[in-house]
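Report on one structure; see the data block that follows.
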Amino acid sequence: MLRTGIPAAEQPPRRRVARDARRHRQRRPQSPLPGYTLSYAFGFSVMFAYISASPFVLQNMLGLSAGQYSAAFAANAGGLMLGSAVTAKLSDRVSLHRMLACGVIAVMATTSALAVLTFVGITLWPMLIQLFATVTSLGFVFANATTLAVEQVPALAGTGSAVLGALQFGLAAVISPLVGLGGDATAVPMVIAMFFAALMSMSMLFLVAKKQA
């Protein structure tokens, strides 16, 4: 019987490289990079929906003055810093993936509470508390998701960071105009955008990153 084909050792170098690359891709498990990257980007969309619409919700609807709104915004920024600081403190004892999972679950829970508050009747202090809890929870999302994503491409850390930045601001550019569709007298677009982005962030982590990790 005649054998067809060229023995592997005698194949041209380009063909051998292509064959070895295909085999390597088949053996190598898929990276959780897309899951971590998209979880981060949608988490950032939660933040941008809040930043874009909260002046109208808290000032026009709930009656805060400009100074009071500035104080509330600063308190939420402090909450974000607090979440990031706790993440850094726990990083030696708790895995980054677990802290990220806790963060996205907390964001999902607080945006769900915001949705309930909005549809049953929004009041000032419950809204302020839930917004603070949401932004604080994002402190557990941003640092951990960024670190986990960049760790997947250590040789291309700069490229990985660029992809994160492009995605986060690309999604933010899409979601920011949507929160104003209902005008400045309703919180519904803001809450729906935050809830949807939180749901996508959690889905990307548990359905993509966890599956591929």
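The values are calculated or read from the model by the stated rules, or taken from the named source; none is laboratory data. Keep in mind that this is a model prediction, so the values were computed, not measured. Virtual Cβ from ideal backbone geometry, glycine too; neighbours counted across all protein chains shown. Please note that ligands, DNA and RNA were not included when accessible areas were found on the heavy atoms of the full protein model with its side chains. Shrake-Rupley method; radii C 1.70, N 1.55, O 1.52, S 1.80 Å.
Worth a mention:
- Residue in the stretch 142-156 that is open to solvent by less than 50 Å² (accessible area, probe 1.4 Å) and free of Cβ contacts under 8 Å to residues at least 12 places away in the same chain present: no
- Here Thr118 fits the description: in contact (Cβ under 8 Å) with a residue 40 or more places away in the chain, closer than 18 Å to Ala53 by Cβ and buried (at least 18 other Cβ atoms within 10 Å of the Cβ).
- Set side by side, the residues Ala172, Ala109 differ, and just one is at pLDDT 95 or above, among the aliphatic types (A, V, I, L, M) and part of a helix (DSSP H, G or I), which is Ala109.
- Residue that is surrounded by the fewest Cβ atoms within 10 Å (Cβ to Cβ) [pool: residues in the stretch 52-73 that are free of Cβ contacts under 8 Å to residues at least 40 places away in the same chain and of a type in the set (A, V, I, L, M)]: Ala66
- Residue within the stretch 178-201 that is open to solvent by 30 Å² or more (accessible area, probe 1.4 Å), over 22 Å from Thr110 (Cβ atoms) and part of a helix (DSSP H, G or I) present: no
- In the stretch 121-141, the qualifying residues are those that are hydrophobic (A, V, I, L, M, F, W, C) and open to solvent by 20 Å² or more (accessible area, probe 1.4 Å), and the one that is nearest to Leu90 (Cα to Cα) is Phe140.
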